[in-house]
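Please read the structure below before turning to the comments.
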Amino acid sequence: MNPTPLRILVHGASGRMGRALLRLAGERDGLRVVAAVSRSGEPLPEADATGVPVLAVADLSRAPDCDLVIDFSLPEAFDGVLADCVARGRALVSGTTGLSPAQREALDAAAARIPVLWAANFSAGVAVLHALVRQAAAALPGWDADIVESHHVHKKDAPSGTALFLGEAVAAGRGSAPHYAALRAGDIVGEHLVQLTGPGERLELAHRATNRDIFARGALEAALRLAGKGPGRYGFGELLLGGGTN
């Protein structure tokens with residue numbers, strides 16, 4: 001007998017990541033999308049193809065029962081979905097970037113009651129890059145550190161959440177933050193270069209995403225790995241590599 005599938009609600013379904021999640025969820029055994037939530041509840045071809053109902057953000061409280069919410073929305077929609085997850089005891093996987101300090105504090109508070117996983121990037125390669133950057137920064141503490149990130153013209157926050165995530169690794173390794181540079185051009189999915197520069201030499205660690213589907217597949221994998229966990233603040237890298245909470 002097949003186990004009961006994990007019931008997923010996709011919040012921010014009309015965005016690039018939301019549409020990718022709806023399209024790719026059918027590839028994964030063990031989960032089922034029960035509803036999609038977008039700003040206005042407009043029809044979505046990716047939802048229509050699988051019979052998933054689409055609701056407006058204002059109707060989030062009327063969404064079907066689910067076990068976990070995957071959120072790729074905007075900061076102005078984040079407070080509502082976090083509060084709904086806490087009220088209903090639903091786990092949350094979120095990749096919404098540009099969160100304020102108060103919203104990050106709210107994530108920590110929610111983790112006392114529900115499993116929470118927030119990540120700036122759901123790429124397996126970036127998870128490994130983060131560990132490498134920390135190691136390199138610790139070994140070369142006196143070198144200059146710079147992070148250059150490039151994204152499509154529609155991305156609003158800069159530096160990107162992934163750049164800041166990698167910057168945390170630099171700071172953890174050497175005790176000081178790097179400098180950042182951001183480029184918005186064309187349809188670049190996401191590129192991040194961490195550069196450490198010393199006298200007469202330069203070390204570059206880079207990750208380039210060429211297809212947004214890697215992030216959607218990573219978020220779906222995170223959802224499956226978060227399922228059944230107790231309340232707490234979890235990291236994508238830790239779950240991916242079999243570790244625990246942050």
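Per-structure values
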read-out	value
Distance between region 51-75 and region 194-234 - C-alpha centres, whole angstrom	25
Cα-centre dipole for region 71-132 with unit charges at Cβ (Lys and Arg positive, Asp and Glu negative), debye to 20	200
Enclosed volume per residue, in Å³, of the convex hull spanned by Cα atoms of region 124-209	81
Farthest toward positive dipole pole in region 37-136 [+1 Lys/Arg, -1 Asp/Glu at C-beta], among 125, 98, 82	125
Label-point separation, residue 187 to residue 152 (7 Å along Cα→Cβ), nm	0.8
Ordering of 70-76, 106-112 by burial proxy (mean other Cβ atoms within 10 Å per residue, highest first)	70-76, 106-112
Square roots of five times the Cα gyration tensor eigenvalues for the chain, Å	33, 19, 16
Label-point separation in nm, residue 197 to residue 180, each point 7 Å along Cα→Cβ	1.9
Principal axis box of region 44-102, alpha-carbon based, largest edge first, Å	38, 23, 20
Dipole moment magnitude, nearest 20 debye, the chain about Cα centre, only Lys, Arg, Asp, Glu C-beta charged	320
Distant alpha-carbon pairs in region 1-121 (separation over 18 angstrom), percent	47
Choice from 217, 174, 202 showing the highest fluctuation, given a GNM over the chain with Cα pairs closer than 10 Å	202
Percentage relative contact order, the chain, counting C-alpha pairs under 8 Å, at least six apart	19
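Every number in this text was worked out from the coordinates using simple rules, so none of it is lab data. Because the structure is predicted, anything quoted here is derived from the model rather than measured. Neighbour counts run over all protein chains shown; Cβ positions are idealised from the backbone, glycine included.
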